[in-house]
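See structure below.
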Amino acid sequence: MKWIGNRGAHLPRRLVQLYAGLVLYGVSMALMIESTLGLDPWDVFHQGVARRTPLSIGTVTILVGALVLLLWIPLRQRPGLGTVSNVLVIGLAVDAALALLPTAGPLPLRIGFLVAGIVLNGMATGLYIGARLGPGPRDGLMTGFVARRPGRSIRLVRTVIEVTVLAAGFLLGGTVGVGTVLYAVAIGPLAHVFIPLFTVPSTTERPTAPPAPPARPGDASTSAVPL
């Protein structure tokens, strides 16, 4: 129960919301992958690695999440239940969704997949962050680094990390395109709508301002522990 923390109010709802959000996040990833119109930076990297290995993109997502989580150790970050669940559930969900989704052939269908994927990603982000059960591994890395070096800007650290993984993923063969740009433009406003909408109220804490959008889809910032 240490991973859940002291805020046990609304726990059944929070657990349902956490896992619904993580599964929906995997589905949104699969829609964007099938659109072939571009992915967010971390998924460009996941796809690039998957194309260079016999591993599925879901398996790569899990392994990268686990490796990033190991980097929390020198930063003295503490994972929550949502953090560990993020590592496992999203990867399993994206592989399952890819196995079930039809291949999007015509451009209008691919555009529909892309738009649906981005909107559902924003909704999934709100559900999972709003459950307040732990940050995602990638955002925890970012905020942990800034916490250890207070003079650094969170925005700068986020930009450096995302540009690095985007460039590496592109060189490995990951898909960069209009979807990458559209995601970058849309995810902030979508998170601004869905995070307050789905944040589970606390009976012991005063209301706080909505957390910043995640550094990677599915990741919640530490301020969002209310991944």
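Residues in the range 18-116 average 43 Å² of solvent-accessible surface per residue, probe 1.4 Å, ligands and nucleic acids excluded. Since only Phe194, Gly117, Phe145 are under comparison, the one whose Cα sits farthest along the positive direction of the charge dipole of the range 88-198, derived from C-beta charges on Lys, Arg, Asp and Glu, is Phe145. In terms of accessible area, using a 1.4 Å probe and ignoring ligands and nucleic acids, Arg78, Arg149, Arg158 rank largest first as Arg78, Arg149, Arg158. Annotation: the chain has a Kirkwood hydrodynamic radius of 17.3 angstrom, from the mean reciprocal C-alpha pair distance. Using only Cα coordinates, the Kirkwood hydrodynamic radius of the range 23-125 works out to 14.1 Å. Among the protein heavy atoms, those of Ile195 account for about 0 Å² of accessible surface (1.4 Å probe, every chain in place). The Stokes-Einstein estimate for the range 91-165, based on a Kirkwood radius over Cα pairs and taken at 20 °C with 1.002 mPa s viscosity, is a diffusion coefficient of 140 µm²/s. Residues in the range 92-105 carry Karplus couplings, in order, of 5, 5, 5, 5, 5, 5, 4, 6, 9, 6, x, 6, 7, x Hz; the curve used is 6.51 cos²θ - 1.76 cosθ + 1.60 with θ = phi - 60°, and Gly or Pro positions show x.
Note on the range 36-80: Kirkwood radius taken over Cα pairs, Stokes-Einstein applied at 10 °C and 1.306 mPa s, translational D equal to 136 µm² s⁻¹.
The values are calculated or read from the model by the stated rules, or taken from the named source; none is laboratory data. Bear in mind that the values here come from a model prediction, so they are computed numbers and not experimental data. Quick reminder, even Gly has a Cβ in these numbers, built from the backbone with ideal geometry, and neighbours come from all protein chains shown. Surface accessibility is based on the protein's heavy atoms, side chains included, excluding ligands, DNA and RNA. Shrake-Rupley method; radii C 1.70, N 1.55, O 1.52, S 1.80 Å.
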